[in-house]
1. Looking for something within 28 Å of Thr453 (Cβ to Cβ), of a type in the set (D, E, K, R), surrounded by fewer than 16 Cβ atoms within 10 Å (Cβ to Cβ) and free of Cβ contacts under 8 Å to residues at least 12 places away in the same chain - is there at least one such residue anywhere in the stretch 397-408?
2. Only one residue in Pro108, Pro117 is within 26 Å of Trp232 (Cα to Cα) and exposed (fewer than 13 other Cβ atoms within 10 Å of the Cβ), so which one is that?
3. Pick out the one residue from Pro64, Pro108 that is at pLDDT 95 or above and under 20 Å from the mean Cα position of the chain (by Cα).
4. Which number in (1) surrounded by 15 or more Cβ atoms within 10 Å (Cβ to Cβ); (2) touching a Phe, Trp or Tyr at 6+ places or on another chain (Cβ under 7 Å); (3) in the same structural domain as His314 (by TED's automatic domain parsing) marks the one condition that Glu88 misses?
5. Within the stretch 143-166, can one find any residue that is in contact with a Pro (Cβ under 7 Å, 6 or more places away or on another chain) and crowded, with 17+ Cβ neighbours inside 10 Å?
6. Can you say whether Arg59 is in a helix (DSSP H, G or I) and either acidic (Asp, Glu) or at negative phi (or both), as far as the supplied structure shows?
7. Quickly run through the stretch 74-90 and pick out the residues that are closer than 15 Å to Ile299 by Cβ and assigned to a strand (DSSP E or B).
8. So which residues in the stretch 167-196 are over 25 Å from His462 (Cα atoms), loosely packed, with under 14 Cβ neighbours inside 10 Å and modelled with pLDDT of 65 or more?
Amino acid sequence: MLKLKKLPYALTLSSLLLPSVLWAAKAEPELVNAIRDQGLNHSQVMQTLQHLTDDIGPRLTNSPQMREANRWTMEQLKSWGLANSHLEAYEFGRGWTYSHASIDLLSPRKTTLFGIPLAWTPGTSGTVEAEVVYLDAVTEAELQQYKGKLKGKVVMLNEPVESTEPRREMSKRYSAAELSEMKNFDLKAPDSNASPAEDSIAQRRKMRQFNQAREAFLKAEQVRGALFRSFWDGGPIVVQGQNHRVGKTFPVPALMLGAEQYNLLARMLERGETPKIAFNVEAKFYDEDVNAHNTIAEIPGAGDKPEIVMLGAHLDSWHGATGGVDNAAGVAITMEAMRILKAINFQPKRTIRIALWSGEEEGLLGSAAYVEQHFATRPKPTDPKEREQSSWMRPPSWPLTTLPEHELLSVYFNVDNGSGKLRGIYTQGNAAVRASFADWFGQVGDLSEGTITNNSTGSTDHVSFDKVGLPAFQFIQDPLDYFTRLHHTHVDSYDHAVPEDMKQAAVVLATLVYNASIADARLPRKPMPTEASATEKAQQKELAEKRRRSKERKALSDLSGAN
């Protein structure tokens, strides 16, 4: 094992200029200390977070704010000395922003309501006054009972919901017992690379087909607007978006109301009253360029064609707030890790590459496009309707064809579960990486428990890599109030990020990336994904049928109990 001579240096407040340190196969204690000092005592993570949230604001994919976020992160990484800082494009769809939204109840009493437009829905071209009706339809046949009855109306499209507030724990950190329990492998958990269940795919297709039919019906009936209900109560409004593709966007202005105000309108209708509202939405589409972009930059490795260590987070957010913990926090943490490694003048063996994704909120689109451009491709679905779906929502197509860079990637680390401390990591079933992770987390054992679980986690950009057989990992993070109060809501702002947690996360991440970049060999991989055999497909189909029948039996049982 090659061990290079240690180079003396001093790291002080007055001078952070260090002599270049050549790569070694074993972590140098002084460099581990330098990472900690730079990240804990000279941190810039909160300044980065504040600029992304307070100055740039919401970063809806392909909006002007997102384009500014791409530009600023590219330039900021370049200013820290990173090489090859650039943007990579992929086809996305329409840009969209809104600058104003108001909604007032006019009768049977007057009050101001609060609603946020759904992304990619049109504006009103001035204030609109209209009666509110409830559209009680879940099939295309049921829509027809409203034919000729909706012209000039505003339609409510969700059922009212009972309060769940007392059942929500607002904020928490993982206990030692919970972290210990995570170490146990769940033998019943599905394979992270398994195809979606056939019943799940069928249900999504059915829902998609109905939504498209409902949108066409609303347009044909000349509806003036639509109201949706936030699925949380207690204040936060969860707001997302409709279809962003050109020619597919929602046909009428649509607003998301808080659950309590939505329920108020529903109760008025139940009493036989006719709510009347006035609403005004100023929104704009941007169709000049349908491409969205990922921000890429790196610290080059040694040699002509070095292997690659990647880290990343999604830069885009929803538009209801400034996306503080989802996911400006992850972006600030990953950028800070790169800044730390560059500030200590570390020269890695492997290239260290950061990727800040767009399109994550619409289905991991940016990371999926990057993986397809650099690492592996699959045939496009022949069904046009399937092509409209995100890759993670449809069954994988075969064959899987790897590209030359597939062999070069050692690991991808993703940060996307809020601003909480990094308490450990999910291996996605890749048990062979445990020894390396245990060693690397040991260097920050006073900062993180380093819990390693062989279980998988999903719904973040590491999945795009994992699906093509590449080692890709998401961290175990303290949830705080990420999923209970902030996730996709109108209160997700800078205020809810915890500075000390952010510093800890950046130091832990930088330490793991540093070790991965100097390791003797790239991290071990799981077996490559393969197409299910005829027998396996038959078993999956049988399981889907069992699930369907079980749901039907439960529905009949519930109905009998109610009677």
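1. Within the stretch 397-408, one or more residues are within 28 Å of Thr453 (Cβ to Cβ), of a type in the set (D, E, K, R), surrounded by fewer than 16 Cβ atoms within 10 Å (Cβ to Cβ) and free of Cβ contacts under 8 Å to residues at least 12 places away in the same chain.
2. Working: Pro117 fails: exposed (fewer than 13 other Cβ atoms within 10 Å of the Cβ).
Of the residues listed, the single one that is within 26 Å of Trp232 (Cα to Cα) and exposed (fewer than 13 other Cβ atoms within 10 Å of the Cβ) is Pro108.
3. Working: Pro108 fails: under 20 Å from the mean Cα position of the chain (by Cα).
Exactly one of Pro64, Pro108 is at pLDDT 95 or above and under 20 Å from the mean Cα position of the chain (by Cα), namely Pro64.
4. Condition not satisfied by Glu88: (3).
5. In the first step, residues of the stretch 143-166 are kept if they are in contact with a Pro (Cβ under 7 Å, 6 or more places away or on another chain); the result is none.
No - not one qualifying residue is present in the stretch 143-166.
6. On the way: in a helix (DSSP H, G or I): no; either acidic (Asp, Glu) or at negative phi (or both): yes.
Answer is no for this residue.
7. Correct list: Ala83, Asn84, Ser85, His86.
8. Glu169, Met170, Ser175, Ala176, Ala177
The values are calculated or read from the model by the stated rules, or taken from the named source; none is laboratory data. Computed from a prediction, not measured in an experiment: that's the story for all the values here. Cβ atoms come from the backbone with ideal geometry, glycine included; neighbour counts cover every protein chain shown.
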